[in-house]
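A short write-up of the structure that comes next.
The values are calculated or read from the model by the stated rules, or taken from the named source; none is laboratory data. Just so you know, these numbers come straight off a predicted model, no measurement behind them. Don't worry about glycine lacking a Cβ; one is built from the backbone with ideal geometry, like all the others, and counts go over all protein chains shown. Just the protein is used for accessible areas: all its heavy atoms, side chains included, with ligands, DNA and RNA removed. Shrake-Rupley method; radii C 1.70, N 1.55, O 1.52, S 1.80 Å.
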Amino acid sequence: QVEFVESGGGSVQPGGSLTLSCVASHTVVRVATLAWYRQAPGQQRQSVATITSGGVTNYTDSVRGRFTIARDHAKKTVSLQMKNLKPDDTGVYYCNKAKWRGNYWGQGTQVTVSS
């Protein structure tokens, strides 16, 4: 079981920026497509950004142009740079394999965007 540890969340005002980081426990993630997910209050967890092992990225419409996902194979990390944050970006952010349907999730990192 690959485990993930997320960090970097916080509280910011609208328009602010944050960069999230996630470290994986196993090198198997080097060949996996990874994703950042967001669970807003009262809503289901959803994918907001994905990155393949080759570096191809994809974003949900609501964050495209504001968020940037990146990965470092050597460090087994995946990051999410978030700019021009909006109140709707509030939630707990998790990283995991893309299209994950298993039960394991890390502890996540809380992002709160509020004035």
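Near G65, within a Cβ-to-Cβ distance under 15 Å, what is the net charge of the other residues, with Lys and Arg +1 and Asp and Glu -1?
Net charge in that neighbourhood comes out at +1.
Just to verify a number: FRET efficiency for T52 and T112, C-beta to C-beta distance, R0 = 30 Å, to 0.05?
Rounded to the nearest 0.05, the efficiency is 0.50.
Computed over the Cα atoms of the chain, what is the ratio Rg over Rh, Rh following Kirkwood?
Checking Rg against Rh, the ratio lands at 0.94.
Expressed as a fraction of 2.2 N^0.38 Å, the rule-of-thumb size for a compact globular protein of N residues, what is the C-alpha radius of gyration of segment 73-115?
Dividing the Cα Rg of segment 73-115 by 2.2 N^0.38 Å gives 1.39.
Please report the carbon-and-sulfur percent of the accessible area for the chain; probe 1.4 Å, protein heavy atoms only, DNA, RNA and ligands left out.
Working: 2870 of 6140 Å².
Answer for the chain: carbon and sulfur cover 47 percent of the accessible area.
How much accessible area per residue does segment 28-102 have, counting only protein heavy atoms and a probe of 1.4 Å, in square angstrom?
Details: 4000 Å² over 75 residues.
Per residue, segment 28-102 has an accessible area of 53 Å².
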